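K.L.:
I'd like to ask you about the structure that follows.
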Amino acid sequence: QSCPAVPAIVLGANAKELPNVCRGAQAAFGFLAPTGATLPERVVIELAATMPDGVPADAVGCYASASKRVVVLRFAALAQRKTWMGARVTHDLFAGIVTHEVAHAIVRCHLGERALPRVAQEYVAYVAMFAAMPMPLRERVLAGLPGTGFDNEGQINVLAYLFDPAAFGANSYRHWQRQADGASFLRRVLEGSVIRDIELD
């Protein structure tokens with residue numbers, strides 16, 4: 001199954017899931033295109049009942065670099081968890097997870113063989129996800145994740161991400177909102193000139 005507006009192939013989606021997967025993928029492409037990121041010719045998105053081996057048990061999606069494939073929990077499996085990032089699971093939230101993971105796929109395509117700290121990649125993916133959410137959902141999720149955003153780029157580090165990924169995502173979006181030119185700022189993040197974080201083994 002292919003999405004009509006973006007080069008995305010969807011595996012394992014039912015009739016209710018497919019439109020939301022495509023909506024999420026389209027949001028990621030549309031949001032990151034103005035940054036000048038190199039967009040992939042094709043993204044494969046697989047819906048699964050469980051995450052692949054080696055992926056944390058609480059994960060709801062991942063980008064598998066080896067197979068260059070996005071894997072996201074099926075809506076029914078996601079709904080069994082009741083909430084994600086503190087918000088009740090809905091089709092809009094499901095689409096947002098797809099946006100996040102497809103953003104990772106786009107970033108990896110853009111980087112090619114070049115390295116970029118994981119935390120910088122997560123920053124971009126979370127910003128894309130929050131920016132694409134319908135405003136009522138975004139406000140509801142942010143309300144459940146108190147914070148004012150990062151005060152400076154030095155605070156955008158792997159320790160903050162590992163301590164609380166959801167709070168990291170919310171504060172990334174709040175920080176990004178304060179930038180004078182959001183697309184230009186993300187372009188510099190992708191260049192590696194903004195977030196110069198240490199990596200932990």
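K.L.:
Looking at residue 56 and the list (1) over 19 Å from residue 195 (Cβ atoms); (2) at pLDDT 95 or above, which single condition is not satisfied?
P.N.:
Failed condition: (2).
K.L.:
Do we have any residue at all in the range 166-186 that's of a type in the set (A, V, I, L, M), touching a Pro at 6+ places or on another chain (Cβ under 7 Å) and open to solvent by 20 Å² or more (accessible area, probe 1.4 Å)?
P.N.:
Yes, that holds for at least one residue.
K.L.:
Among the residues that make up the range 64-73, is at least one of them outside any strand (DSSP E or B) and either touching a residue at least 60 places away in the same chain (Cβ under 8 Å) or surrounded by 15 or more Cβ atoms within 10 Å (Cβ to Cβ) (or both)?
P.N.:
Checking the range 64-73: not a single residue is outside any strand (DSSP E or B) and either touching a residue at least 60 places away in the same chain (Cβ under 8 Å) or surrounded by 15 or more Cβ atoms within 10 Å (Cβ to Cβ) (or both).
K.L.:
Taking only the range 126-148 into account, find how many residues are more than 13 Å from residue 166 (Cβ to Cβ) and hydrophobic (A, V, I, L, M, F, W, C).
P.N.:
Summing the residues that are more than 13 Å from residue 166 (Cβ to Cβ) and hydrophobic (A, V, I, L, M, F, W, C) in the range 126-148 gives 7.
K.L.:
Filtering the range 188-201 down to residues that are at pLDDT 95 or above and open to solvent by 90 Å² or more (accessible area, probe 1.4 Å), which residue is farthest from residue 109 (Cα to Cα)?
P.N.:
Looking at residues that are at pLDDT 95 or above and open to solvent by 90 Å² or more (accessible area, probe 1.4 Å), I get 188.
K.L.:
Inspect the range 122-143 for any residue being touching an Asp or Glu at 6+ places or on another chain (Cβ under 6 Å), modelled with pLDDT under 95, in a helix (DSSP H, G or I) and within 24 Å of residue 60 (Cβ to Cβ) and give the result as yes or no.
P.N.:
Looking through the range 122-143, none of the residues is touching an Asp or Glu at 6+ places or on another chain (Cβ under 6 Å), modelled with pLDDT under 95, in a helix (DSSP H, G or I) and within 24 Å of residue 60 (Cβ to Cβ).
K.L.:
Now for a different question. Quick one: in the range 21-39, which of the residues that are touching a helix residue (DSSP H, G or I) at 6+ places or on another chain (Cβ under 7 Å) and open to solvent by 20 Å² or more (accessible area, probe 1.4 Å) is farthest from residue 80 (Cα to Cα)?
P.N.:
My answer is 36.
K.L.:
Restricting attention to the range 148-192, report how many residues are outside any helix (DSSP H, G or I) and over 21 Å from residue 61 (Cα atoms).
P.N.:
The number of residues fulfilling the criteria is 12.
K.L.:
Next up: Checking the structure you have, find out if any residue of the range 143-155 is over 13 Å from residue 32 (Cα atoms) and under 14 Å from the mean Cα position of the chain (by Cα).
P.N.:
No: the range 143-155 contains no residue that is over 13 Å from residue 32 (Cα atoms) and under 14 Å from the mean Cα position of the chain (by Cα).
K.L.:
Say we look at the range 90-141 and pick out the residues that are of a type in the set (Asp, Glu) and farther than 20 Å from residue 168 by Cβ; which of these is least open to solvent (accessible area, probe 1.4 Å)?
P.N.:
Restricting to residues being of a type in the set (Asp, Glu) and farther than 20 Å from residue 168 by Cβ, the top hit is 92.
K.L.:
All but one of (1) of a type in the set (A, V, I, L, M); (2) surrounded by 19 or more Cβ atoms within 10 Å (Cβ to Cβ); (3) in contact with a helix residue (DSSP H, G or I) (Cβ under 7 Å, 6 or more places away or on another chain) hold for residue 158; which doesn't?
P.N.:
With (1) of a type in the set (A, V, I, L, M); (2) surrounded by 19 or more Cβ atoms within 10 Å (Cβ to Cβ); (3) in contact with a helix residue (DSSP H, G or I) (Cβ under 7 Å, 6 or more places away or on another chain) applied to residue 158, the lone miss is (2).
K.L.:
For the range 43-56, how many residues are exposed (fewer than 13 other Cβ atoms within 10 Å of the Cβ) and touching a residue at least 24 places away in the same chain (Cβ under 8 Å)?
P.N.:
Summing the residues that are exposed (fewer than 13 other Cβ atoms within 10 Å of the Cβ) and touching a residue at least 24 places away in the same chain (Cβ under 8 Å) in the range 43-56 gives 2.
K.L.:
Touching a Lys or Arg at 6+ places or on another chain (Cβ under 7 Å), polar (S, T, N, Q) and within 22 Å of residue 170 (Cβ to Cβ): is that true of residue 35 in this structure?
P.N.:
yes
The values are calculated or read from the model by the stated rules, or taken from the named source; none is laboratory data. Here the structure is a predicted model, which is why all the values come from computation and not from measurement. FYI the Cβ positions are ideal-geometry reconstructions off the backbone, even for glycines, and counts take in every protein chain you see. When the accessible area is computed, the model is the full protein with side chains, heavy atoms only, and any ligands, DNA or RNA have been set aside. Shrake-Rupley method; radii C 1.70, N 1.55, O 1.52, S 1.80 Å.
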